[in-house]
Amino acid sequence: MNLTDLISGGIGNQATEGISQKLGLDKNQTQWVIAAAVPLMMSALKYNANKSPEKAEGIQQALSSKHNGNIFDSLGSLFNNGPTEEEDKIVNHIFGKNTDTVKESLAEKSGINIGKIGGILALIAPLVMGYLGKQKQNQDPQQESSGGLGDLLGNILGGGSSQSNSGPLGGIGDLIGSVLGGGSSSNESKPSLGGGIGDLVGDFFNQKNDKSAKGSILDSLAGMFSK
């Protein structure tokens with residue numbers, strides 16, 4: 001299972017169907033939100049993992065204790081019973097102080113009210129964490145000890161090692177780190193990523209961009225995973 005499967009493949013189709021029915025939404029709208037939100041979640045997790053050893057350890061513990069991939073064996077239960085307060089907390093842990101910005105931007109662009117946007121995010125957050133937990137189980141032990149969670153997320157997003165800026169998505173943690181963290185960001189500190197997910201996510205979280213710019217970025221992210 002790769003990232004595309006999670007968004008627009010078999011798992012993504014089940015998620016779109018289940019969430020649409022649960023929340024009473026149009027399937028095309030739901031799929032668009034999923035396609036835009038999953039890369040944002042993965043990128044935010046990568047930033048969190050690279051921010052400090054404590055943050056990375058917290059994510060590791062969550063993957064080991066709660067999110068080991070078993071969620072994919074009970075998708076029907078997730079969509080029937082959710083969204084729950086616990087699932088909403090996962091979203092807040094992932095996006096932190098940027099949670100409202102993400103919800104507002106997705107609502108503005110998709111035309112779905114912000115309450116249901118929160119429901120979509122809460123239902124896909126366990127899938128994102130479960131997917132990451134499953135990938136971690138399959139990670140080579142030597143790679144896990146040398147690069148850790150940051151490298152795993154880099155590989156999932158297509159960037160390879162967290163120490164490398166090679167490839168269209170490389171260096172994503174460096175690119176979005178300052179804007180997610182609320183600090184200043186200079187052009188000199190940003191790697192050139194050639195218009196990939198890294199550039200888009202970094203621009204989305206850049207506080208200088210207005211609603212229209214953020215909406216266009218979300219369209220571009222969703223478009224990467226359109227069929």
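Some observations on this one:
- A search for C-beta distances below 6 Å between a residue of region 193-215 that is in a loop (DSSP other than H, G, I, E, B) and any residue that is crowded, with 21+ Cβ neighbours inside 10 Å and modelled with pLDDT under 80, counting only pairs 6+ apart in sequence or on different chains, returns Leu193/Asp199; Gly196/Leu169; Asn206/Val179.
- The single condition from (1) in contact with a Ser or Thr (Cβ under 9 Å, 6 or more places away or on another chain); (2) farther than 23 Å from Leu152 by Cβ; (3) of a type in the set (Lys, Arg) that Lys46 fails is (2).
- Odd one out for Lys97, checked against (1) touching a helix residue (DSSP H, G or I) at 6+ places or on another chain (Cβ under 8 Å); (2) of a type outside the set (S, T, N, Q); (3) touching a residue at least 12 places away in the same chain (Cβ under 8 Å): (1)
- Candidate set: region 75-88, residues that are assigned to a loop (DSSP other than H, G, I, E, B) and touching a residue at least 40 places away in the same chain (Cβ under 8 Å); chosen: the one nearest to the chain's Cα centre (by Cα): Pro83
- Restricting region 64-74 to residues that are polar (S, T, N, Q) and assigned to a loop (DSSP other than H, G, I, E, B) leaves a set whose member that is surrounded by the fewest Cβ atoms within 10 Å (Cβ to Cβ) is Ser74.
- Against the conditions (1) out of contact with any Pro (no Cβ under 9 Å at 6 or more places or on another chain); (2) surrounded by fewer than 19 Cβ atoms within 10 Å (Cβ to Cβ); (3) over 22 Å from Ile197 (Cβ atoms), Glu104 satisfies every one except (3).
- All positions within region 210-226 that are at pLDDT 85 or above and of a type outside the set (Gly, Ala, Ser): Asp210, Lys211, Lys214, Ile217, Leu218, Asp219
- Candidates Ile90, Ile112 - the one that is farther than 23 Å from Lys55 by Cα, among the β-branched types (Val, Ile, Thr) and surrounded by 20 or more Cβ atoms within 10 Å (Cβ to Cβ): Ile112
- Among (1) over 18 Å from Leu218 (Cα atoms); (2) under 19 Å from the mean Cα position of the chain (by Cα) - the single one Ala107 does not satisfy: (1)
- Where a residue in region 105-125 is assigned to a helix (DSSP H, G or I) and at pLDDT below 95 and its partner, wherever it lies, is crowded, with 21+ Cβ neighbours inside 10 Å and basic (Lys, Arg), with Cβ under 7 Å and at least six apart: Ser105/Lys214
The values are calculated or read from the model by the stated rules, or taken from the named source; none is laboratory data. Only a predicted model underlies this, so the values are computations on that prediction, with no experimental measurement involved. FYI the Cβ positions are ideal-geometry reconstructions off the backbone, even for glycines, and counts take in every protein chain you see.
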